[in-house]
Every structure is written in C-alpha cells, then in structure tokens.
Amino acid sequence: NAGVTQTPKFRILKIGQSMTLQCTQDMNHNYMYWYRQDPGMGLKLIYYSVGAGITDKGEVPNGYNVSRSTTEDFPLRLELAAPSQTSVYFCASSYDRYNEQFFGPGTRLTVL
Amino acid sequence: GENVEQHPSTLSVQEGDSAVIKCTYSDSASNYFPWYKQELGKRPQLIIDIRSNVGEKKDQRIAVTLNKTAKHFSLHITETQPEDSAVYFCAAWAGNVLTFGGGTRLMVKP
C-alpha cells in the first residue's frame, strides 16, 4: 500500500493564482483531512470529510474549497492565492474517528 | 471548539534522562488523545494514544497518562536517545475533529 500520497511536493504561486492540491489514499479510509502547518507551529484543520460526498469546515477554511467524490481522493482547491497561504499542507486519513491518522508527505506552498 | 495547550515549547535533556511534555484541553467531551512525533522535514507520525476510559498506557520507553477530572494528559519518555529529538504534538478528539497542541521541540544532547 502506498498509504496517503500528495502532489505536488513543492509549488510557488503568484498572488491571485489558483491551484489544486491532490490527495489520494489507498487504505479505504472513511475520514480524510486537510491541515496546514506554518513554520514552527502546530497543525490547523482546514477541511475534513467523513465519507464520499460529505465535507465540513475546520478551524481555518477561508480561501479554500474541497470536494470528495470518491473514497480515495480529497483535493484541496486554493482560489486567489495570498501570501498568508504560504505554508506546508498535509493531507491525512483515518478509518474512523478514534483511530490513527495517517499523514501524507506534505506539499510546501509559497505564495509570492 | 476544543482548545489544546502544550508545554513546554522547547525541552533540552541529556541522553539517558527522562522527558515530560504536558497538555491541557478544554472540552470535557474529548475522549481520544493521540501523540504525534514529527522529525525535521517529515510528516507527523503517531507514537502512542490513550482513550478516555484508560488512565495510563505504556509502550517500551514511552508512556502517556490522562487525568480527565483535571483535563490534562502527559507524555513521558524515559532513557532518552538522540533519535528521540523531534517535535512532539499532543491532540484531543472532540466531535469529528482532532485539535493539536502547539508542539514541543525536544532536543536530546549526546
């Protein structure tokens, strides 16, 4: 199993550009999450999904959108990128609520 | 929502000493408390977790304790080794969301 995979690994955006961060898991997990981690800081939840077709906002959803059309994929869309969105983005998945979250390798995004 | 406070933010110990990291949470409905280790430039990985019906759990050199009345839980690492150097995050689960603490940078000096 590949676990949780993310693409791209690195990206530089100009202010106002848009992009989609891809996340795929092959563990048949129901729950999927997107976090951002600013330098030297903890993880903050952006959006999460408890199953295909169901998504909900986390702590810091502004400027982002998600969709969950399949169990495997959970893309994160950034519209009109801003310097404040410079961060490392981690996707994670878990089988159920009170279970280990498995993280992807992260996407390092810089907005200039 | 849930609020998780973690202390200290940095911790330096000599190899072989013990390290203790403490966390408090605000939501009394929280019932699952994992700890993650993140090495520099890597993804967070679970090292141990504890559920609300258990007061203590141990796995080799790592142990976690939970005091639900006081709403705090702690990570204990004994006989620290240089490879224990990393950032450690506590977290608390309430509802459908896992809330993380701010992290503790542990440095183990040989």
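Observations on the model:
- Within the stretch B:73-98, the set of residues being at pLDDT below 95 and of a type outside the set (A, V, I, L, M, F, W, C) comprises B:GLY95, B:ASN96.
- Condition broken by B:ALA29, with the remaining ones in (1) closer than 21 Å to B:VAL97 by Cβ; (2) out of contact with any strand residue (DSSP E or B) (no Cβ under 9 Å at 6 or more places or on another chain); (3) loosely packed, with under 13 Cβ neighbours inside 10 Å satisfied: (2)
- Number of the exception - B:ARG43 against (1) within 14 Å of chain A (Cβ to nearest Cβ); (2) charged (D, E, K, R); (3) part of a strand (DSSP E or B): (3)
- Selected residue [over 11 Å from the mean Cα position of the chain (by Cα) and either crowded, with 21+ Cβ neighbours inside 10 Å or under 22 Å from A:SER87 (Cα atoms) (or both)] from B:THR99, B:THR69, B:THR78: B:THR99
- Filtered residues of the stretch B:46-62 (kept if out of contact with any Lys or Arg (no Cβ under 7 Å at 6 or more places or on another chain) and either part of a strand (DSSP E or B) or away from chain A (no Cβ under 13 Å) (or both)): B:LEU46, B:ASP49, B:ARG51, B:GLY55, B:GLU56, B:LYS57, B:LYS58, B:ASP59, B:GLN60, B:ARG61, B:ILE62
- Whichever residue in the stretch A:55-92 is among the aliphatic types (A, V, I, L, M) and facing chain B (nearest Cβ under 10 Å) and, among such residues, is surrounded by the fewest Cβ atoms within 10 Å (Cβ to Cβ): A:VAL88
- Checked across the stretch A:9-24, the condition of being closer than 20 Å to B:GLY1 by Cα and within 14 Å of chain B (Cβ to nearest Cβ) holds for no residue.
- For the stretch B:71-110, taking the residues that are away from chain A (no Cβ under 14 Å), touching a strand residue (DSSP E or B) at 6+ places or on another chain (Cβ under 8 Å) and part of a loop (DSSP other than H, G, I, E, B), the one that is nearest to B:LYS22 (Cα to Cα) is identified as B:LYS71.
- Among the residues of the stretch A:55-84, those that are more than 26 Å from A:ASP26 (Cβ to Cβ) and either in contact (Cβ under 8 Å) with a residue 60 or more places away in the chain or acidic (Asp, Glu) (or both) comprise A:GLU59, A:GLU79, A:LEU80, A:ALA81, A:ALA82, A:PRO83.
- All conditions in (1) touching a residue at least 40 places away in the same chain (Cβ under 8 Å); (2) under 13 Å from the mean Cα position of the chain (by Cα); (3) buried (at least 16 other Cβ atoms within 10 Å of the Cβ) hold for B:GLU2, with the sole exception of (2).
- Contact map, the stretch A:30-50: residues that are under 16 Å from A:THR86 (Cβ atoms) and within 8 Å of chain B (Cβ to nearest Cβ) paired with residues that are of a type outside the set (Asp, Glu) and outside any strand (DSSP E or B), Cβ distance under 6 Å, separation 6+ or inter-chain. Pairs shown: A:LYS44/A:VAL60.
- Residues that are surrounded by 17 or more Cβ atoms within 10 Å (Cβ to Cβ), part of a loop (DSSP other than H, G, I, E, B), in contact with a Leu (Cβ under 8 Å, 6 or more places away or on another chain) and modelled with pLDDT of 95 or more do not occur anywhere in the stretch B:6-19.
- Output for the stretch A:81-112, where each listed residue is modelled with pLDDT of 95 or more and in a loop (DSSP other than H, G, I, E, B): A:ALA81, A:ALA82, A:THR86, A:GLN101, A:GLY104, A:PRO105, A:GLY106, A:LEU112
The values are calculated or read from the model by the stated rules, or taken from the named source; none is laboratory data. Given the structure is predicted, the values throughout are model-derived calculations rather than measurements. Every residue, glycine as well, gets a Cβ built from its backbone with ideal geometry; the counts of neighbours run over all protein chains shown.
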